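Laboratory data are not the source of any read-out in this text; all were calculated from the coordinates shown. As the structure is a prediction and not an experimental result, all values here were calculated from the model. Please note: Cβ atoms are built from the backbone with ideal geometry, for glycine as well, and neighbour counts cover all protein chains shown.
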Amino acid sequence: MINIHTLGPAGTNCEKAAYYWLNKNNQQGNIILHPTLETAVKEMEVSQNSILLGCIVYPFLHNIVFNNLSFIKLTDCFVMDTHNMLFASRFNNIKEIKKLGSHPAPQDLFRKITELDNIERVLFNSNSEAALQCGLGRVDGCITTLSAAKKYHLNILYDFGPVPMGFSIHSKLN
């Protein structure tokens, strides 16, 4: 059985992509979620029968690729729609929001909502982590996925819809 190392916590687009890849390739496997792809690739190095699933918009994916050429190679790429990307909040009223959270990749979505101009932003390791931190009160609103917003009981204030996204599979060298 294959082990897919990818970005967590639960509810990330990478987790969704891992399930998609298993199904598309008629494989059974374990999906192991990590706080960052950098930690995922380190764990993959010492794990049996493992691959890394990355996202093409992940910050510094190029570093993961080029810093690990001695033991991994790119073996597959695919495009899949993400979960619906949302602006979600602990509050129902956008005027109550004083601090925003996001993964670096989708943070430009904030620009589509003019009421959010000039509000402090905090970057997190994933969209799901942004939702978790919003649920805990560290930030008031976040860009996240539909599944993470539901998990952390956030109010959906704006739905950007799914985004066609590229994902990469990196396998160990033989």
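Would you mind calculating the relative contact order of the stretch 3-95 from Cα pairs under 8 angstrom and at least 6 residues apart, reporting the percent as a whole number?
Once normalised by length, the contact order is 31 percent.
What does the net charge come to around ASN68 if you take all other residues with beta carbon closer than 14 Å to its beta carbon, with K and R at +1 and D and E at -1?
So the surrounding residues net to 0.
For LYS98 and CYS77, FRET efficiency with R0 = 35 Å and r from the beta-carbon atoms, rounded to 0.05?
0.30
Averaged over all directions, how much area does the convex hull of the C-alpha atoms of the stretch 83-161 cover when projected, in nm²?
4.2
Which value in deg cm²/dmol, rounded to the nearest 500, describes the helix-derived mean residue ellipticity at 222 nm for the chain, given -39,500 (n - 2.57) per DSSP H run of n ≥ 4 and division by the residue count?
-7500 deg cm²/dmol
Assuming R0 = 35 Å, what is the FRET efficiency of ILE32 and ASP159, from their Cβ-Cβ distance, to the nearest 0.05? Display every interim value, and only then the final one.
Values: r = 30 Å, r/R0 = 0.85.
So, using R0 = 35 Å, E works out to roughly 0.75.
Order of PHE60, PHE66, PHE167 from fewest to most other C-beta atoms within 10 Å?
PHE66, PHE60, PHE167
For Cα pairs less than 8 Å apart in space and 6+ apart in sequence, what is the mean separation divided by the residue count of the chain, i.e. the relative contact order in percent?
Values: 384 pairs, mean separation 54.4, N = 174.
Here the relative contact order equals 31 percent.
Just want the ordering: CYS14, CYS55, CYS142, from fewest to most Cβ atoms lying within 10 Å of their own Cβ.
With the fewest neighbours first, CYS14, CYS55, CYS142 line up as CYS55, CYS14, CYS142.
Could you give the length gained on full extension between GLU120 and ILE2, defined as 0.36 nm per residue of separation minus the Cα-Cα distance, in nm?
So the chain would gain 38.4 nm between GLU120 and ILE2.
Would any residue of the stretch 122-158 have its amide N under 16 Å from a label point 7 Å out along Cα→Cβ of PHE91? List them or say none.
122, 134-143, 154-158
Convert each backbone phi in the stretch 151-164 into a coupling constant with the Karplus relation 6.51 cos²θ - 1.76 cosθ + 1.60 (shift: θ = phi - 60°), then list the ³J(HN,Hα) values in order as whole Hz, x for Gly and Pro.
Running phi through 6.51 cos²θ - 1.76 cosθ + 1.60 with θ = phi - 60° gives 4, 9, 6, 8, 7, 7, 9, 7, 10, 7, x, x, 10, x Hz.
In terms of modelled amide H atoms, which long-range or inter-chain residues lie less than 5 Å from the amide H of ASN30?
Here the answer is ILE2, ASN3, ILE4, since their amide H atoms fall under 5 Å of that of ASN30.
Taking Rh as the Kirkwood radius computed over C-alpha pairs, what is the Stokes-Einstein D of the chain at 37 °C in a medium of viscosity 0.692 mPa s, expressed in µm² per second?
It diffuses with D of about 199 µm²/s by this estimate.
Taking just the C-alpha trace of the stretch 9-108, give me its Rg and Dmax in Å.
Both quantities, over Cα of the stretch 9-108: 16.1, 51 Å.
Return the sequence-ordered ³J(HN,Hα) values of the stretch 130-137 in whole Hz as given by the Karplus equation 6.51 cos²θ - 1.76 cosθ + 1.60 applied to θ = phi - 60°, using x for Gly and Pro.
Whole-Hz 3J(HN,Hα) from phi for the stretch 130-137: 4, 5, 4, 5, 5, x, 7, x.
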